[in-house]
Amino acid sequence: MGLSVGLAVVFAAVLVVYLTLGDEPLRWVEMAYRLFYVRISMRSFERRGSTIPDEFERRVDTSPHQSALHFMGEELSFLELDRMANRVASWALSKGLRKGDVVGLMMGNCPEFIATWLGLSKIGVVSALVNTKLTGKSLEHCFNITNPKIIIADVKCAPHARPATAALHVPVHVYSRRISNSNNNGADGKTERRDVDLNVDNGRAAGRGGGLDQSPSSVLRTSLDAELKGHGQTRVARKAREGVASTSLLFYIFTSGTTGMPKAARITHARFFAAGVAFGFMNRIKASDRIYCCLPLYHSAGGMIGVSISWWSGATLIISRKFSARKFFSECLNSRATVVQYIGQICRYLLSVKPGSSDRDHNVTKAIGNGMQLDTWLKFQQRFGIPYIGEFYAATEGNAVMINNQNKEGAVGYVPPIADSIPCVNYPLKLIKIDIDTGSPLRTAPPTGSKKDDDDDNRHVQKVSEPRTEPILFEPFPVYLHTFKPRGYFL
């Protein structure tokens, strides 16, 4: 009898909770589990002293023939990507590059971009991923603050890189292969390719089917493609990166420079790994997924989040040369994409295209990114038939992130109320009241009668557990959110 009464009480309590909160507690438990997994994965990565080359090589060893990249209709396996990177690592050692050196990398979207910084990281060399749209003083500034030993550029970027590095007296090595100078901007394989011949003796380059402007300031130094052919595809010994830790620098990513000169955000091996496990696991990405990325690989959304998710999950990353609203979903169809990445106004631009048969003629089930407004969100899902939107809130140079993996329209993050109550799960993120005029935290209650707006006086803050022992190359900035709803959604 006592057991029956006890079960009845438990059942009644569960029923009351369900009638009051619906399936919300299940969301709490699931999210807490995912936070726990991410936290444990990060601790394991750091305790092992692992690095991104270590993790990538582990992926290669477990899934060598799994497709790592899709580019212009061609598939590249993890093993093939590893071999490309190994050539770069061997070449870099032959050039005298060593752990801690910096190499400037200025290339458009292509597999070589990823293989190059990966190969450099295998010997502990740090890459500076430079925005290909920069020229003049802004570009010169990026090279000056990172002080690279070598610049690697594609044919399109090399004429801008050379004058920007004149004061540094560093060599520019140029990728001259067809893949770096394709006439095609897409990922669908309908490509007209052309080779680019580099005459190193006179510093001139010409393409079959088109030429390259060759003013004295745009002299190209060396064809990297030719040099790489002389190096093997076997892995360099791990001792080449001995001393590189999970907290060591992997590469620099530059901010847009909208409020001044671009600033170099420091991306460590741990930060890159965290992007993969957090965004991949939170958004339930699987090895069978194919992630379409038309975002620049020199920026964090494409080059860090997209690549890291692929390596963590085993999913294929589909690289498009650049964003095209008109070709977006046709490229998704031809490349068999199941997941797409977006930032800012991309989804609004897609909605501005005249409706057509390709709107739902695709296999995309998830869209992951940030910056989607509520009105765009609802129209986007309805028109294109994509059931899941994984919106997040983060910044390249920030120290906190939130992810809305509950498909809640308009929310930029979801933190379950029970997160702080579970060991190893507590989420070190709070909302505090601020003075909306000065941006300073409100440490006391506002005076009676003062103006107060709950939608504008919250600041998103992240706990910093340790003092920094190294300089930060970017300036801190305020990160604002609007309001926090009682059940854990940040809107």
(request) Show the residues, 5+ positions off or on another chain, whose built amide H is closer than 5 Å to the amide H of Ser223. (result) Val174
(message) Neighbour counts of other C-beta atoms within 10 Å: give me Glu55, Glu391, Glu242 arranged from fewest to most.
(response) Glu242, Glu55, Glu391
(message) Per 0.36 nm of contour for each residue apart, how much would the distance between Ile145 and Ser44 grow if the chain were fully extended, relative to their Cα-Cα spacing?
(response) 33.0 nm
(request) Could you sort out which of Lys286/Lys366; Lys408/Lys433; Lys156/Lys322; Lys122/Lys239; Lys327/Lys379 sit more than 21 Å apart by Cα distance in this structure? (result) Lys408/Lys433
(message) As an exercise, use a Förster radius of 45 Å and the Cβ-Cβ distance of Lys354 and Lys137 to find the FRET efficiency, rounded to the nearest 0.05.
(response) 0.65
(request) Compute the FRET efficiency between Glu74 and Asn399 as 1/(1 + (r/R0)^6), taking r as their Cβ-Cβ distance and R0 = 30 Å, and round to the nearest 0.05. (result) 0.20
(message) From the phi angles alone, apply the Karplus equation (6.51, -1.76, 1.60; θ = phi - 60°) to the range 330-344 and give each ³J(HN,Hα) in whole Hz, x where the residue is Gly or Pro.
(response) 5, 5, 4, 5, 5, 9, 6, 5, 10, 9, 10, 9, 9, 9, x
(message) Can you sort Lys322, Lys229, Lys263 from fewest to most other Cβ atoms within 10 Å of each residue's own Cβ?
(response) Lys229, Lys322, Lys263
(request) For Arg58 and Leu374, compute 0.36 nm times the residue count separating them, minus their Cα-Cα distance, and round to one decimal in nm. (result) 109.8 nm
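Hey, fewest Cβ within 10 Å first, where do Lys354, Lys408, Lys133 land in order?
Lys354, Lys133, Lys408
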(message) I'd like to compare 409-416, 165-172, 300-307: which one has the highest average count of other Cβ atoms within 10 Å, and what's the full order after that?
(response) 300-307, 409-416, 165-172
(request) Mind giving me the FRET efficiency for Asp437 and Ser256? R0 is 25 Å, r the Cβ-Cβ distance, nearest 0.05 is fine. (result) 0.40
(request) Subtracting the Cα-Cα distance from 0.36 nm times the residue separation, let me have the gained length for Ala166 to Ala287 in nm, one decimal. (result) 39.1 nm
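Which shape class applies to the range 238-301: rounded if a/c is under 1.5, otherwise prolate when a/b exceeds b/c and oblate if not, where a ≥ b ≥ c are the square roots of the Cα gyration tensor eigenvalues?
Cα axes put the range 238-301 in the oblate bin.
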(message) Would the range 333-389 count as rounded, prolate or oblate if I go by the C-alpha gyration tensor, calling it rounded below 1.5 in a/c and otherwise prolate when a/b exceeds b/c, oblate otherwise?
(response) oblate
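FYI, it's all coordinate maths here, none of it is from the lab. Just so it is clear, the model here is predicted, and its values are computed rather than measured. Here the Cβ is made from the backbone with ideal geometry for all residues, glycine too, and neighbour counts use every protein chain on show.
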